[in-house]
């Protein structure tokens, strides 16, 4: 069966291998506000910018020319500051390579594991029109959860990339953080009224009472320890070029290891606080818990440990008997991947895969396994990863918003 990445153009001398591009959904003004990465088409560690996933929870900020851009540092600091784009670039630069994953990536596998039915496919293409902000419409009671799931797949919301900017801690040191500060309140220029559709989608329910905060700016309250981690940066470049507006230009936050919602785009203000501000997107949405009424809900923070199989996939079946390459990606929210194991007998036995060596702690790693199979029949292939903290996949249990899925998703193939 022909794989979709082998259809189409001539690229750099290779016949019939098309260029990887995002799979977009657009709002009613034609702007891309949600786009999945073609993870199965990637050949290396860095996802091309044209293929990197996009999610805008609120209305995207209006484009700001770098000459007109500034942001401020306020709150519990000795010296409040305002930086323009030129001033921020005068500070020592720093580059980090990391895997950025949406908290809801692969969330539909949680639903599949719990409820059964057809297994979700990463090849599924969503509707071109009808992003987050259009499914519920004005009449929220009219939202149909099955229609939402059909229109908006939640797979392939992950990308690997290189980010260049300045360390957030260097900016905070210039302002002088007061001893009582515990959190860094990050505010973006993007604003709007939160749409309930993502919560309907993530919970699989439309009968939930959802708080309406009115029109807000997108914001997060990052604890000071993570904010001053040397790899947490304010980035102006992605993959060797200046940031594009859709990815948060002129300046955005990058928080390696934590789900993508922490990496605030279109940075407007940094405010030092002595408490964790109850931001909508860490108290109402992007939370882990057993249900909407769980009194112990906590914000989604570091990702689990995860591997995915990119070859073969279910749609490649049947396979001819012989030698095949099983391969994929593995990453963790607490550091480097140290081991990937593969099973071809539905988890009855496991063998070590080859993991490509890398000095990048936060970037996913490619792994591969040579599979010699001579006996015809049906096979269930699985992979599991282990990180430098000793955590082995999976780590995150089912939760009502279906966030941080890091479960083992089998590949079912028949050998003929």
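Where a number appears in this text, it was derived from the coordinates with a stated rule and is not lab data. Computed from a prediction, not measured in an experiment: that's the story for all the values here. Note that we place each Cβ from the backbone using ideal geometry, even for glycine, and neighbour counts take in every protein chain shown.
Which one, 387, 293, 212, has the greatest fluctuation when you compute a Gaussian network model over the chain with C-alpha springs under 10 angstrom? Taking springs between Cα atoms under 10 Å, the residue moving most is 293. When DSSP beta bridges are restricted to pairs lying wholly in the chain, around 90% turn out antiparallel.
Given the options 110, 83, 369, state which has the largest fluctuation in a GNM of the chain using a 10 Å cut-off (strictly under) for Cα springs. Looking only at 110, 83, 369, the biggest GNM fluctuation is shown by 83.
Given an 8 Å cut-off on Cα distances and at least 6 residues of separation, report the relative contact order of region 1-301 as a percent. Before the final figure, lay out the partial values.
Working: 625 pairs, mean separation 65.1, N = 301.
Value for region 1-301: 22 percent.
For region 175-262, the relative contact order comes to 27 percent (Cα pairs under 8 Å, sequence separation of at least 6).
Only helices enter the 222 nm calculation for the chain: every DSSP H run of n ≥ 4 contributes -39,500 (n - 2.57), and dividing by all residues gives -2500 deg cm²/dmol, rounded to 500. Binning the alpha carbon pair distances of region 305-415 at 10 angstrom intervals from zero yields the distribution 15, 45, 29, 10, 0, expressed in whole percent.
What order, most packed first, do the peptides 399-411, 372-384, 197-209 have when packing is the mean number of other Cβ atoms within 10 Å of each residue?
For the peptides 399-411, 372-384, 197-209, the packing ranking is 399-411, 197-209, 372-384.
Which number do you get for Rg(Cα) / (2.2 N^0.38 Å) in the chain? Normalised by 2.2 N^0.38 Å, the Cα Rg of the chain equals 0.99.
Starting from 0.36 nm per residue, how many nanometres of slack lie between residue 50 and residue 290 once their C-alpha separation is accounted for? Don't jump to the answer; show the numbers that get you there.
On the way: separation 240, 0.36 × 240 = 86.40 nm, distance 3.66 nm.
Gain in length upon complete extension: 82.7 nm.
Quick check on region 32-113: take the gyration tensor over C-alpha atoms, sort the square-rooted eigenvalues as a ≥ b ≥ c, and tell me if it's rounded (a/c under 1.5), prolate or oblate. In terms of gyration-tensor shape, prolate. Peptides 318-330, 301-313 ranked from most to least packed, by the mean per-residue count of other Cβ atoms within 10 Å: 301-313, 318-330. Spherically averaged projected area of the convex hull of Cα atoms, region 203-297: 8.1 nm².
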